[in-house]
Amino acid sequence: MESAVNSQPNIAGEIAGRSLEEWNAAYVKVENYFHALRIRNKPLLGRLVLRVLERAQLRAPAESQRSATEIAAEEMDRLVTGWFAEVLQLSPANADQMLSTRGRLALLLADMPGKWQEQFLRPGPWPEEFVEAMRETFFRAGPDFQLSKMVPRPLDLGPLTTLSNLGKLPYVRMISAWLLYGVALVLIFWLTHHSLEDVLDEVKSLFGKIFPQANH
């Protein structure tokens, strides 16, 4: 990495006042960013990362309070945003603050990684088809663009929901509910097999067993 960016570590093993570990972390950060934009061409990816690090190393000595990763991330955003402004013929100074975000989304909507990966961060002129696709998708990804979201909704299990909710009731109410449920089942059975008098006798007998004190 050192020779590629025309910089050699000093006696203390530092580049632009930062340790090699810091620059390695910055390298990974920038590389992951370009990976998120689906840049898969290895030579192109390596050139782009080193280009960002070169810019960061020029700033690093004057900004000793900031990490190499922080400076590199800022330079990366500046580089990409400036390129978006050139492709879209917008002024970076007067551009929408969402230029960087909308530009990245436009890249993916226009399928830049699949069709025009070699054009990424290159100076113009660019293929007219690429420019038109970028502009169309950029305006399509404007402030009104919203990603659809699926809001989770509870499942309706019908009677099973009612039965499962019994467990949430206080103890006494739960017992009463189950007793009524049992009585209902007994009534259905006896009504289909016995006379009404037999059913009443059975119900009285059942309550007498459950609440013996009621017989006194």
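Test A25 against the criterion of being assigned to a helix (DSSP H, G or I), of a type outside the set (D, E), touching a residue at least 24 places away in the same chain (Cβ under 8 Å) and surrounded by 20 or more Cβ atoms within 10 Å (Cβ to Cβ), and give yes or no.
For A25, the condition - assigned to a helix (DSSP H, G or I), of a type outside the set (D, E), touching a residue at least 24 places away in the same chain (Cβ under 8 Å) and surrounded by 20 or more Cβ atoms within 10 Å (Cβ to Cβ) - is not met.
List every residue pair whose Cβ atoms lie under 7 Å apart, where the two residues are 6 or more positions apart in sequence or sit on different chains, the first residue falls within the stretch 81-103 and is of a type in the set (K, R), and the second residue, located anywhere, is at pLDDT 70 or above.
As it stands, the answer is R102/F138, since those pairs meet every condition given.
If you go through the stretch 56-68 one residue at a time, do you hit one that is within 24 Å of Q119 (Cβ to Cβ) and surrounded by 15 or more Cβ atoms within 10 Å (Cβ to Cβ)?
Initial filter on the stretch 56-68 (within 24 Å of Q119 (Cβ to Cβ)): 56.
Adding the requirement that they be surrounded by 15 or more Cβ atoms within 10 Å (Cβ to Cβ) leaves 56.
Within the stretch 56-68, one or more residues are within 24 Å of Q119 (Cβ to Cβ) and surrounded by 15 or more Cβ atoms within 10 Å (Cβ to Cβ).
Which of the residues that make up the stretch 28-38 are surrounded by 15 or more Cβ atoms within 10 Å (Cβ to Cβ) and at pLDDT 90 or above?
K29, V30, E31, Y33, F34
Being at pLDDT below 90 and within 26 Å of W126 (Cβ to Cβ) is the requirement here; does M76 meet it?
Details: at pLDDT below 90: no; within 26 Å of W126 (Cβ to Cβ): yes.
No; evaluated as a whole, the condition is false for this residue.
Count, please, the residues in the stretch 108-130 that happen to be touching a residue at least 12 places away in the same chain (Cβ under 8 Å) and in contact with a helix residue (DSSP H, G or I) (Cβ under 6 Å, 6 or more places away or on another chain).
6
It is to be established whether one or more residues within the stretch 94-104 are over 23 Å from G124 (Cα atoms), outside any helix (DSSP H, G or I) and of a type in the set (G, A, S).
no
The values are calculated or read from the model by the stated rules, or taken from the named source; none is laboratory data. In this text, all values refer to a predicted model and were calculated from it rather than measured experimentally. Cβ: placed from backbone, ideal geometry, glycine included. Neighbour counts: every protein chain shown.
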